[in-house]
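A short worksheet on the structure shown next.
The values are calculated or read from the model by the stated rules, or taken from the named source; none is laboratory data. On a predicted model such as this, the values are computed, not experimentally measured, just so you know. With ideal geometry, Cβ positions are generated from the backbone for all residues, glycine too; neighbour counts draw on all protein chains shown. Quick note on the areas: whole protein, heavy atoms, side chains included, nothing else; ligands and nucleic acids left out. Shrake-Rupley method; radii C 1.70, N 1.55, O 1.52, S 1.80 Å.
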Amino acid sequence: YDKEMESLFGAASPSKWAFAMAMKLAEGIVGLVSTFILLITLDDVYDLLLTFAGVEFVYHMDDIVFLLCKSEFYGELNYVAVQEIDEKFWVSSERKATYLPYLKPFGMMLTGIAVFSGFAAVASGQRSGNNLCQHLKVDMSDEQIASLGPLNGFYAFMPSKRNNDRVTYEQQSSFSSEEARGKFGFCKSGDYQGWALSTVSNEASGNLCEDWLIRSSDTNTFNIEDTRAIPWQLQSGRQLEFIRLSCLDRDSSVAQENGYIMPGMKEVEEGFERICRYLVLDSSTVGFRDIPSPEFGFLESENSSSSVKVFGRHVYISDDREYVMAFLGVRWVVGPTKQLLSLGVSDAVSGVLENGMDWLSSGEWIKYISEPVDSNVDTGTPLGLNWYHSMSPSSGGFPGPDLNERVNAILRCGICNSESNPCFNEGLCTEEGTCSCSHGATGSFCEIPPLGDGVCQDYFNTDTFEYDGGDCCASTCIGVACGDSAMNTLFGYNLDFPIKGYLDCRDPRMIPLTIALNMTTMPVYGDVSFYSTWEVYCDGIEYLYSPKLGYEEFLSTEVYGKQTIFVEPRVSCEVIAKTKFYFELAKVDVYRDGFEDTPIIVQEYEFHSEDMKFDFPVLSRCLLVELSTISDPKLLLDSTSTQGQAAAWIDVEAPGLSLCSTEFLSQLYALAVINFSLVGTPKENVMWLSGTNGCKWSGIFCNSAGSVSVIFLINQNLKGRIPSEIGLLADLEVINFFLNEINGTIPTELGLLTHLSDLTLAKNGLEGSLPTELGNLTNLTTLNIDNNYLAGTIPTQYGNLIQLTAFAINDNDLTGTIPTQIGNIPGLESFYFCNNGLTGFVPREVSSLTGIEISCGPLKGTNLTCYEDDLTCMDLSSEEDS
């Protein structure tokens, strides 16, 4: 830069010149580096030429833009500026010196020499291996070929051993024998070239390209890490499902986590944290079939004080020294020590494992094989792994797992630790690493709860442990000591000795029943021994038993208290009180929680010294709560009522419905109440209570939605009363109880059945009055209730039955007059009211209905006469025409 430049270019400045030179230099450096990288990375000459062409284009981009501006491509202003630059071409005075023209060629020559020197250095490093990964961690799937499992692990760069001008990697282990070690080498065979894995013994025979186990796809790379981006294949031609090559030089954490100590790294005692020295069988599993004592500890070396390791993992041996457990690259294996020793390498198991790999190449000694170890969660131990029986190897090689023969065995650490391996169920870990158990639990880690022994343990009395395995409730307890000595009180009075009971039953399926006792005893005279015993049985199961309680136990002649028991639903219970002292009055109430005002049963005894005994049913909690919304709880809890009988039947025959899991619960309940209310001797086609689907009962018909629409029970010898629960069948359209022996009154709840079109109750023994609620049945077309003992008057509300066509109330004991409102029924075709005690006249509003047929002849108990000619009626007592 000089003043001459400023005279030519008015806008020039030193900073602009410096920036331009720096950008030009950066452009050259980027081009050189890109060229160098392309030379050492691209394998294909065609790709290399194309890339060079692209780099060259970018390098001369400024010249190209300058030419485009001179051709006016970027507009007139840019064209003028470029012309000015071109005309005012400047050469500095220094550049005019004689030596400067030679500086650029000399610099280009030096740059070329540097680039090719770097290329040569890289190529030399590739061939020598100095620039390649020195330590590899290899993970392969063994599910396609079992023998790949032991070839997993750590591989080291071997500079003195080469294959086809490429470096090799050899598997590292502590074994003195090298025969079964894996080796990666470069293979050229025919049209193929690439990396292959074999064993050292095969490679030594010069058969790497023939006896390979797996090999990469065709490649010419010097770096084996480049094969991670291409598939590997088996000799069968199938692709290897999984292979991962990790360079430990670049990620020391991988080396440490996998127990491998790289050169120069600080040695550590264990590659994994908290390696468990002692393994035991998880109590929730059965164990290995042939191993009676599945407890394993570290195998100690016979030549040193350290433990034996294989593939960076500790070897375990059973306490009886009959079985050995070792890690073989991908999976853990278990086999008998006798077969290992039969290989003859050493008289000790540790010697066999340390002095050779014949035991590995001959896998017939292996009996059990674990699932593959996930390297992401590898703990360095076989804890928590699933196990399988081994498959017999086809050619004496390494066996694979038989996935169809899983072993029910899971190993866990046998040494407790308060942080990582604590004792269960509030057990305490001692300094010796053993667990001190509480609450009756057993097992190495107190993991076995005392379920089903008949003793209720409060700690295990939760849903998680199924309420101590049922030990805390009478109906679920199966142990020999069920309920023994579990209660120290009775009816609120403290006892000097424990009695049998289940006071701590918390199973929500059980129903709490309270027995309330109110008793006034007679005074005691002399030394006569007076006592009382209490027993409660439900379906033969003993829920409460107290031995002879002396008179002094109650402390007073006034005895009042409550005792709660927990019983299973759908049972029948019996209370027995055996007494040997007189009482003036004894009252016993039994009620359920939430129904204190509605006892299931009330028993009273006066001046009595004999045993008290009574029984009662127990409904499911949900069934009682649900039915209480549609029926009287007192009737539901009364085992003698039709409602109680129906509820009890549902509870036993349809336990699914008792859980309130269906919308048809109320329907089945209503039909069951009708069944128990209309007791009789049904004829051949009437079979009620035949299953829990009421739609299949004889005489019952349902619509497409499953709701009862028709009850048709003609001449079935039915006796009893029509229950009010019939009003729960809201979709009823037809009720026909013609020609039976039904008595009682017509339930007013029939007025709720607004879909009803036919109500026939003729020829029965019905009493009482006509319900006014029937006037709500605006869809009714037939109302036939003749030949009964109905009394009272005809309700005026019946004039609201606007769809009625047939109305028969003859042969009853009705009195009063015929309401004029009957004339409001426009479509009434027949009206029969003969043989009643009706008085007055047939209203003209009725007689004038078009096409109506009215019963004629003298009317029973009246002087009302009906004339056929004009359908008018005359009261002969007053001799007045209507």
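With r as the distance between the Cβ atoms of His439 and Glu225 and R0 = 45 Å, compute the FRET efficiency 1/(1 + (r/R0)^6) and round to 0.05. Calculated value: 0.20. In a fully extended conformation the segment linking Val65 and Val33 would gain 9.2 nm over its present Cα-Cα distance, using 0.36 nm per residue. In this rough spin-label picture, where each label sits 7 Å from Cα along the Cβ direction, the Met21-Lys587 distance is 12.0 nm. Stretched out straight at 0.36 nm per residue, the stretch from Thr820 to Asn743 would grow longer than its current Cα-Cα span by 24.7 nm.
Strictly over 20 Å apart at the Cα level, which of Lys578/Lys613; Lys634/Lys719; Lys500/Lys562; Lys338/Lys367; Lys183/Lys367; Lys137/Lys367 would you flag in this model? Can you show the working numbers first?
Working: Lys578/Lys613 8 Å; Lys634/Lys719 24 Å; Lys500/Lys562 16 Å; Lys338/Lys367 12 Å; Lys183/Lys367 28 Å; Lys137/Lys367 28 Å.
Over 20 Å Cα-Cα: Lys634/Lys719; Lys183/Lys367; Lys137/Lys367.
Take the Cα of Lys338, step 7 Å toward its Cβ, do the same at Glu604, and the gap between the two points is 8.4 nm. For region 764-777, putting each phi into the Karplus relation 6.51 cos²θ - 1.76 cosθ + 1.60 with θ = phi - 60° gives couplings of 9, x, 5, 10, x, 9, 6, x, 5, 5, 5, x, 7, 7 Hz, in residue order, rounded to whole numbers and with x for Gly and Pro. Would you mind pulling out the separation of the Cα centroids of region 711-749 and region 444-461, in Å? Spelled out, the Cα-based centre of one part sits 56 Å from the other. Measuring r between the beta carbons of Tyr560 and Thr379 and using R0 = 60 Å, the FRET efficiency lands at 0.40. The dipole here belongs to region 673-798: it is taken about the Cα centre, uses +1 on the Cβ of Lys and Arg and -1 on the Cβ of Asp and Glu, and is about 260 debye.
Once backbone amide H atoms are built at 1.01 Å from N, Leu411 has Asp282, Gly384, Leu385 as its partners under 5 Å, excluding neighbours fewer than 5 places away on the same chain. Count Lys and Arg as plus one, Asp and Glu as minus one, and take only other residues whose Cβ is under 14 Å from that of Pro569; the net charge is then -3.
Gain on full extension, evaluated as 0.36 nm per residue between Tyr459 and Gln803 minus their Cα-Cα distance, stands at 116.9 nm. Solvent-accessible surface (1.4 Å probe) assigned to Glu419 amounts to roughly 150 Å². Each residue was assigned an accessible area with a 1.4 Å probe, and for Ile630 the value is about 60 Å². For region 796-808, putting each phi into the Karplus relation 6.51 cos²θ - 1.76 cosθ + 1.60 with θ = phi - 60° gives couplings of 5, 5, 5, x, 7, 7, 6, 9, 5, 10, 10, 9, 10 Hz, in residue order, rounded to whole numbers and with x for Gly and Pro. Rg over Rh for region 412-542 works out to 1.16, both radii taken from alpha-carbon positions and Rh defined as the Kirkwood radius.
Take the Cα of Arg509, step 7 Å toward its Cβ, do the same at Lys696, and the gap between the two points is 2.6 nm.
Asp507 sits among other residues whose Cβ lies under 13 Å from its own Cβ, and their net charge, with Lys and Arg +1 and Asp and Glu -1, is -3. Expressed as a whole percent, the accessible surface of region 775-841 that belongs to carbon and sulfur atoms is 46, based on a 1.4 Å probe. Derived scalar couplings between HN and Hα for region 810-818 equal 5, 6, 10, 10, 6, 10, x, 9, 7 Hz in order, rounded to whole Hz, by the Karplus curve 6.51 cos²θ - 1.76 cosθ + 1.60 (θ = phi - 60°), x for Gly and Pro.
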